[in-house]
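**Q** Take a look at this one; I'll ask things after.
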There are 2 protein chains.
Amino acid sequence: MQRINLPKGFLASGISCGIRKESDKKDFGLIFSEVPANCAGVFTKNKVKAAPVLITMERIKNGIAQVIVANSGNANACTGDVGIRDALLISKEVSSLLNIPEEYILLASTGVIGKPLPTERIIPKIPFAIKKLSWDGGMDFQESIMTTDKKPKFIFKSFLIEDKEICITGIAKGSGMIHPDLATMLSFILTDISISSTLLDKALKEAVQESFNMISVDRDTSTNDTVIVLANGISKNPKILEEDENYERFKNTLKEVCIHLAKEIVKDGEGATKFIEVKVINAYTKKTARTLARSVVSSNLVKCAIYGEDANWGRILCALGYANSDFDPSKVDIYIDEVLVAKDGSYVSFCEDEVSKILSGDNIRILIDLKAGKFCATAWGCDLTEEYVKINAKYRT
Amino acid sequence: MQRINLPKGFLASGISCGIRKESDKKDFGLIFSEVPANCAGVFTKNKVKAAPVLITMERIKNGIAQVIVANSGNANACTGDVGIRDALLISKEVSSLLNIPEEYILLASTGVIGKPLPTERIIPKIPFAIKKLSWDGGMDFQESIMTTDKKPKFIFKSFLIEDKEICITGIAKGSGMIHPDLATMLSFILTDISISSTLLDKALKEAVQESFNMISVDRDTSTNDTVIVLANGISKNPKILEEDENYERFKNTLKEVCIHLAKEIVKDGEGATKFIEVKVINAYTKKTARTLARSVVSSNLVKCAIYGEDANWGRILCALGYANSDFDPSKVDIYIDEVLVAKDGSYVSFCEDEVSKILSGDNIRILIDLKAGKFCATAWGCDLTEEYVKINAKYRT
């Protein structure tokens, strides 16, 4: 059994409340910091936001939190006023039992949309979830947020700031609807670093931009996507208050954590058999590079071609073309792994056998050289398979 | 065998040139107007445009054309200077044999991207295609442009303007990549009406906006999409020079023709088993209604749910939410056929059996009431199936 290391001062738990009646899978989890932690979050841009997202977005503005309450099996989305009431009921119960302010409690849910939360099954189990809180409860928490995920997604990193060990743990779930609905993307990042909430927020936004915002499983954006970071300061490093070298070191590690989790999410995309990395280089602007990389990795037809192990570079060029971004098609070179498959926007002879061999692998790298400027971006995705359709044709019922 | 009626003064043909070596399917077609016709066209917005699209866009600016040359099996896209040279070679040959100006010849291609046209197989067959031109060659032409299409798509309509019979024929092909790449969307509309090229252009743009621009098979936009209308004036009606009642009558019939062809294209979408109509009503603006209707009909997850006959209205609301358009989620009502499945953005109890029965049908109608303004729009699409993935995993090779 794998173990998830947690930074100093964090406890976690995960239990089964039977949120989806038929199942005894763990579906309700807690993360608890022994002291109030600075916090930051990034949430779905979908105009339809789930009740827990609305509440958490409001609370996170304070910059301080102490508990994360998460559940799977029910997204508490499209549930109107009842949804808000239910989420607050749970939050109140946790607050009362742990004796901490309600504002310090952040909420996240994932699962089916449009059904009220079965609070009558959840509330009575909260004392048990609290009782189970422990320094090695990370994996129980992880299991409690998994839905169609085939494997746990987590990472632990540590580094030093002036002799103090700083730890960061990231725990995430995927997996469908990543341009993320149902199998919402949830990521929780815990660290014992001491940092101002302003800089924590800044570091998170930058890390998310180059990680979670660069992955796509199916272009559908969830009502529940949530990334939260808690920094409880227990490592006792000199508090990070400006963008100095220590800040950079933290930010880069945070970015590594986010990129790792983001890649894990697409690798576990619903029905996925292959991991796809699309790198766009030499663009005039960062924005162009990002937009084009995402357009290619999101194209159904590119994803089907990769699944079929077909070096269909025309679809790649086509996906660049409809991205509504500025570039010169007649200058584009496309590589699959190391092999040049299109030059100056046009065909070039290449060894089909060599490319077929590359495409028979599990990790496919596409490099697109715009030969225009100096900016680059990388996006990650997965192939589109019959299995994806099967999974999503029958999710709700 | 079905027959395609052509308006007065139009001839058509379709032959096999063996553009895809292994096949003797018809793959090269001509439409010829006995007199120069006024013309208008609408083309792919993809930044990567096929050679025939670039040439035709330039020529159509003159407002006059006499011949349409079309082929399937090869899109002549991403073929660089060679692609332009090849297209011009064909155009020159047709021009010379028919003794009409090159500028009067419009070109359209569909098929695989990134391979040069086999002009050495096409050019020698052009005299045969010309010899076969006839008033009943419509179906041969139709067959010559089909790729993964399972059935021909055409329509004939007629109406009177001051005792003169006006005829309109529309011929189209689908079927994958409709938010249309490979199985490009091509539509050719022929009419014997007498109308200025300015008004012809205006009528076409309006008709396309409410027909072809409202369909989606897979969100990938082709390099080759083309809609062309030719009006040769042979019906001898008083020429339409202003937006009068006769113009309106023509425009409405043209719109009916375009909507019919657009629906036929999605009904024949690659791997599709169900036709989906999404109507958004009571939006603040026409643009909002259009954007939201298209977002729902384009969602992979909505399309999978319809395939799975699952009344997953949460995915519909979710797809509205990420459309980046202005509406109040808490006011949205959603109907599947006549059944209210969500009210005020939240769940409502409905008879699952009744909805299951509706969803077991082939034609699924979704109505979304925003309860905000007075604008509406309708979009059409199809379900996403395992078969779609199969077709597109193995297209090129």
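The numbers here are math on the coordinates, done by the rules we state, and not lab data. Note that the structure is predicted; figures quoted are calculated from it, not measured. Here the Cβ positions follow ideal geometry from the backbone for every residue, glycine too, while neighbour counts run over all protein chains shown.
**Q** What is the local net charge at B:VAL35, summed over the other residues whose Cβ is closer than 11 Å to its Cβ (Lys, Arg +1; Asp, Glu -1)?
**A** Combined, the nearby Lys, Arg, Asp and Glu give -1.
**Q** Under 12 Å from the Cβ of A:CYS17, count the other residues' Cβ atoms, weight Lys and Arg +1, Asp and Glu -1, and hand me the total.
**A** +3
**Q** Could you list B:VAL355, A:VAL67, A:VAL42 so that the one with the fewest beta carbons within 10 Å of its beta carbon is first and the one with the most is last?
**A** Taking fewest neighbouring Cβ atoms as first place, the list is B:VAL355, A:VAL42, A:VAL67.
**Q** Now a separate question. So what's the projected area for region B:1-135, the Cα convex hull averaged over all directions, in nm²?
**A** 8.4
**Q** Follow-up. Using only the C-alpha atoms of region A:292-351, find the volume of their convex hull and express it per residue in Å³.
**A** Given the Cα convex hull of region A:292-351, per-residue volume reads 76 Å³.
**Q** Measuring from the axis that superposes chain B on chain A, report the chain B residue with the minimal C-beta distance, rounded to whole Å.
**A** Residue of B nearest the axis onto A, distance in Å: B:GLU386, 2.
**Q** Moving on. Treating only the Cα positions of region B:275-393 as identical point scatterers, give the base-10 log of I(q)/I(0) from the Debye formula at each q in 0.09, 0.19, 0.21 Å⁻¹.
**A** The computed values of log10 I(q)/I(0) come out as -0.22, -0.95, -1.14.
**Q** Under the convention of a label 7 Å out along Cα→Cβ, give the distances in nm from A:GLU387 to the same position in every other copy, shortest first.
**A** 2.3
**Q** Still on this structure: For B:ASP344, place a label point 7 Å from Cα along the Cα-to-Cβ direction in every copy; what are the distances to the other copies, in nm, shortest first?
**A** 6.5
**Q** Hey, what do the phi angles of region B:333-340 turn into as Karplus ³J(HN,Hα) couplings, whole Hz, using 6.51/-1.76/1.60 and θ = phi - 60°, x for Gly and Pro?
**A** Along region B:333-340, the couplings run 9, 10, 10, 9, 6, 9, 8, 6 Hz.
**Q** If you keep only loop residues by DSSP, which trypsin sites (Lys or Arg not before Pro) in region B:327-397 have at most 16 other Cβ atoms within 10 Å of their Cβ?
**A** Qualifying residues, ordered by number: B:LYS371, B:LYS374, B:LYS394.
**Q** Follow-up question, since we're still on this one. Net charge near B:ASP86, counting Lys/Arg +1 and Asp/Glu -1 over other residues with Cβ under 12 Å of its Cβ?
**A** Overall, the nearby charge balance is +1.
**Q** Looking at region B:244-369 only, what percent of DSSP beta bridges run antiparallel? Nearest 5 please.
**A** 55
**Q** Applying the Karplus parametrisation 6.51 cos²θ - 1.76 cosθ + 1.60 with θ = phi - 60° to the phi angles of region A:130-147, what ³J(HN,Hα) value in whole Hz is obtained for each residue in order, glycine and proline being reported as x?
**A** Result, ordered by residue: 5, 4, 7, 3, 7, 5, 10, x, x, 5, 4, 4, 3, 4, 5, 9, 6, 10 Hz.
**Q** Shortest first and in nm with one decimal, please list how far the B:VAL82 label point sits from its counterparts in the other copies (point 7 Å along Cα→Cβ).
**A** 6.4
**Q** Which loop-located trypsin sites (Lys or Arg not before Pro) does region A:126-163 contain, where loop means any DSSP state but H, G, I, E or B and the Cβ has at most 13 other Cβ atoms within 10 Å?
**A** A:LYS150
**Q** Over all directions, average the projected area of the Cα convex hull of chain B and note it in nm².
**A** For chain B, the mean projected area of the Cα convex hull comes to 19.5 nm².
**Q** Between their Cα atoms, which of A:LYS286/A:LYS390; A:LYS153/B:LYS45; A:LYS343/A:LYS374; B:LYS61/B:LYS173 are more than 29 Å away from each other?
**A** A:LYS286/A:LYS390; A:LYS153/B:LYS45
**Q** List the equivalent ellipsoid semi-axes of the protein assembly as shown in whole Å, largest first, each obtained as the square root of 5λ for an eigenvalue λ of the Cα gyration tensor.
**A** 54, 29, 21
**Q** I've got another one for you. Fewest first, what order do B:ARG121, A:ARG59 take by the number of other Cβ atoms within 10 Å?
**A** In increasing order of surrounding Cβ atoms, one gets B:ARG121, A:ARG59.
**Q** Shifting gears a bit: Helix-derived [θ] at 222 nm for chain A: sum -39500 (n - 2.57) over DSSP H runs of at least 4, divide by residue count, nearest 500?
**A** About -10000 deg cm²/dmol.
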